[in-house]
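A quick write-up on the structure given underneath.
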Amino acid sequence: MITSAHIDDIRTQVRAWRAKAETVAFVPTMGNLHQGHITLVKEAASKCDHVVVSIFVNPMQFGQNEDLDAYPRTLAADSEALTAAGAELLFTPTPAVMYPKGLEQQTYVEVPGISDVLCGASRPGHFRGVATIVCKLFNIVQPDVALFGNKDYQQLLVIKTMVEDLSLPIEIIGIDTIREDSGLAMSSRNGYLTAAEKAAAPALKQAIDAMATGIKQGESFEQVTELAKAKLIAAGFTPDYLEIRHAHTLEQAQHQDQALVILAAAYIGKARLIDNLRFDR
């Protein structure tokens with residue numbers, strides 16, 4: 001696997017592949033990789049001739065008092081795992097490479113509406129940072145296909161909307177959430193959990209599943225939501241949001257809607273965990 005922190009190196013290698021009419025898949029990450037990331041890379045390898053991965057802890061998507069400095073950085077282990085998974089090109093830029101004029105002078109990309117709710121409301125500016133860095137990475141790598149995890153459901157919809165609105169010739173593919181045996185969605189932030197917190201954390205998925213079951217059985221949105229919040233609090237969580245939304249637009253779900261997604265974010269200890277369930281009724 002070729003590793004470089006320089007934009008020109010990435011473009012040169014991709015151009016060489018393009019000259020041979022070969023296709024390119026891309027998996028952007030912030031590193032500290034787990035099996036969910038590796039699943040994305042393996043799926044990418046099945047769809048295109050070559051796989052490019054980026055590792056960049058993006059300061060633009062972190063707010064004040066968030067975990068930018070503490071975010072785990074494990075490049076050596078990540079490189080080993082990516083090589084084994086079939087990645088051929090790893091882009092590891094620094095903030096100075098990606099934002100040479102600094103964050104305050106950086107042109108940014110903003111996806112209106114869908115970026116302002118849920119995690120966007122809790123973390124102002126977060127999705128502006130996500131859309132900006134992903135757009136920059138797409139312009140550098142110029143992939144045919146890019147893969148993202150469904151765990152970050154709102155992020156996936158933000159990126160799909162950006163690609164559509166900016167007429168980018170990239171297919172965006174969402175891959176099912178990879179979970180631990182307990183049902184807890186794999187996340188780099190699970191490393192913040194103590195043993196006791198990790199034992200309690202599967203309650204987030206259980207609460208979402210119970211909400212979906214109740215909705216399918218005819219219970220009201222309000223009833224299932226209040227019961228789920230109570231269960232989360234009893235398990236030691238502090239809910240940030242727990243909402244039922246239209247699966248395609250993230251607008252507040254109406255009782256006649258068939259395509260639904262339940263989205264949750266909650267704090268336990270030092271970690272803010274997110275999860276979701278997309279279903280039709």
Pick out the one residue from 27, 57 that is of a type in the set (A, V, I, L, M), in contact with a helix residue (DSSP H, G or I) (Cβ under 8 Å, 6 or more places away or on another chain) and surrounded by 14 or more Cβ atoms within 10 Å (Cβ to Cβ).
27
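Being over 19 Å from the mean Cα position of the chain (by Cα) and not acidic (Asp, Glu): is that true of residue 271 here?
Values: over 19 Å from the mean Cα position of the chain (by Cα): no; not acidic (Asp, Glu): yes.
Criteria not met by residue 271.
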How about region 193-281: which helices (runs of 4 or more DSSP H) wholly inside it have at least 3 residues that are more than 19 Å from residue 121 (Cβ to Cβ) and open to solvent by less than 20 Å² (accessible area, probe 1.4 Å)?
203-216
Filtering region 46-102 for residues that are polar (S, T, N, Q), within 22 Å of residue 192 (Cα to Cα) and free of Cβ contacts under 8 Å to residues at least 60 places away in the same chain leaves a count of 3
Do we have any residue at all in region 62-72 that's of a type in the set (A, V, I, L, M, F, W, C), crowded, with 20+ Cβ neighbours inside 10 Å and under 22 Å from the mean Cα position of the chain (by Cα)?
no
Taking the stated definitions as given, is residue 79 open to solvent by less than 50 Å² (accessible area, probe 1.4 Å), of a type in the set (S, T, N, Q) and in a helix (DSSP H, G or I)?
yes
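The values are calculated or read from the model by the stated rules, or taken from the named source; none is laboratory data. This one's a predicted model, so the numbers in the text were calculated from it and none came from an experiment. Cβ: placed from backbone, ideal geometry, glycine included. Neighbour counts: every protein chain shown. Accessible surface is based on the protein model in full, side chains and every heavy atom, while ligands, DNA and RNA are left aside. Shrake-Rupley method; radii C 1.70, N 1.55, O 1.52, S 1.80 Å.
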